[in-house]
Amino acid sequence: MDEAKLDEEAKAWYSHKLIEDTLVAIRKNNMTAVFAKNKELAVDEVMKRIPPKAKVTHGGSLSIDELGLIEALQKGDYNYLRKVPPDKNSEERRKAFYADIFLTSVNAVTRDGRLIAIDGTGNRTAAILFGPKKVIVVAGINKIVETLEDGMKRIKEYVAPVHARRRNWDLPCTRTGKCINCKHRNRICNKTMIVEYERDKDRITVILIGHTLGI
């Protein structure tokens, strides 16, 4: 077997091991964890968990956009709550607390099964923690990190600046390329959520996708 082939097999082995360890850890933290090999299978995993007529909504998420889940929810037989894009003065965000299903992504998933997310206003992080009956988290393999510290570093030095840049927001991190703990009025990394364990067994389902997704 040639060296290039061995290299690819070694990389595939490591990715598989990383995913398996993370799935096992998430389950130990009282959450459901499943693996979807690609985007199409990920959408199937999400949709089969949403019963007809269910009140369903989601936070802002590039991962959800890339999977095409919004269009699927709009066309399906669901009570889709996010009918207009919420703004800072909208009641749309509060509807999430009364949803049957809340879809979201997170900014990082640790290898020991913890979920990390940072928000500007806290509507997404709050709904993950409490309110909706069920939460479905979709996360690409790119969001798996070794430790909590690695997750926070990923968010502060990559996710926040890239997210702000793609929105064309004039923030310090879009100039420096990393978080400087600014006090800007439009700061986007204000409220941090860490789920270490879910008391309500299987309230949260995490779908890990064997593909790069979101930021």
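FYI, it's all coordinate maths here, none of it is from the lab. Note that this is a predicted model, so its numbers are computed, not measured. For neighbour counting, all protein chains shown are included, and Cβ atoms are generated from backbone atoms with ideal geometry for every residue, glycine included.
Given H placed 1.01 Å from N in the peptide plane, which residues other than close sequence neighbours of Val206 have an amide H under 5 Å from its amide H?
Here the answer is Thr32, Ala33, Val34, Val137, since their amide H atoms fall under 5 Å of that of Val206.
Given springs between every Cα pair under 10 Å in a Gaussian network model of the chain, which of Gly113, Gly151, Gly177 has the largest fluctuation?
Of Gly113, Gly151, Gly177, the Gaussian network model singles out Gly177 as fluctuating most.
Can you run phi through the Karplus equation (6.51, -1.76, 1.60; θ = phi - 60°) for the range 66-76 and list ³J(HN,Hα) in whole Hz, with x for Gly and Pro?
5, 7, x, 6, 5, 4, 5, 5, 5, 8, x
If I take R0 = 25 Å and measure r between the Cβ atoms of Thr176 and Asp150 in this structure, what FRET efficiency does the formula 1/(1 + (r/R0)^6) give, to the nearest 0.05?
FRET efficiency, Thr176 to Asp150: 0.75.
Just to confirm a number: summing +1 for Lys and Arg and -1 for Asp and Glu over residues other than Tyr14 whose beta-carbon lies under 14 angstrom from that of Tyr14, what do you get? Don't jump to the answer; show the numbers that get you there.
On the way: positive: Lys11, Lys17, Arg111; negative: Asp7, Glu8, Glu9, Glu20, Asp21, Glu146.
Summing Lys/Arg as +1 and Asp/Glu as -1 gives -3.
List the lysines whose Cα sits under 16 Å from the Cα of Lys75, skipping any in the same chain fewer than 8 residues away.
Straight-distance partners of Lys75: Lys48, Lys53, Lys55, Lys83.
Express the relative contact order of the chain as a whole percentage, based on alpha carbon pairs under 8 Å and six or more residues apart in sequence.
Details: 394 pairs, mean separation 63.4, N = 215.
Relative CO of the chain lands at 29 percent.
Non-local amide H neighbours of Thr147 (under 5 Å, H modeled in plane, Pro and chain starts lacking H): which ones?
Here the answer is Arg111, since their amide H atoms fall under 5 Å of that of Thr147.
Whole-Hz Karplus ³J(HN,Hα) for the range 49-58, in order, using 6.51 cos²θ - 1.76 cosθ + 1.60 and θ = phi - 60°, x for Gly and Pro?
So the J values, rounded to whole Hz, are 9, 10, x, x, 6, 5, 7, 9, 8, 7.
Would you mind checking which residues have amide H under 5 Å from Leu103's amide H? H placed 1.01 Å from N; only 5 or more apart, or other chain.
Thr57, His58, Gly59, Ile136
In a GNM of the chain with a 10 Å cut-off on Cα contacts, which of Val137, Val56, Val162 has the highest mean-square fluctuation?
Its mean-square fluctuation being the largest, the pick is Val162.
As an exercise, identify the GluC sites (Glu not before Pro) in the range 86-152 lying in DSSP coil whose Cβ has no more than 14 other Cβ atoms within 10 Å.
Working: sites: Glu91, Glu92, Glu146, Glu149; in loops: Glu91, Glu92, Glu146.
Sites meeting the loop and neighbour criteria: Glu91, Glu146.
Report the Cα-based extents of the chain along its three principal axes, largest first, to the nearest Å.
Cα spread of the chain along its principal axes, largest to smallest: 60, 45, 32 Å.
Give the calculated FRET efficiency between Val162 and Asp2 to the nearest 0.05, with a Förster radius of 41 Å applied to their Cβ-Cβ distance. The partial results should precede the final answer.
Numbers: r = 36 Å, r/R0 = 0.89.
The computed FRET efficiency comes out at 0.65.
Cut-off 10 angstrom, C-alpha nodes, Gaussian network model of the chain. Which of Ile144, Ile26, Ile50 fluctuates the most?
The residue that fluctuates most here is Ile50.
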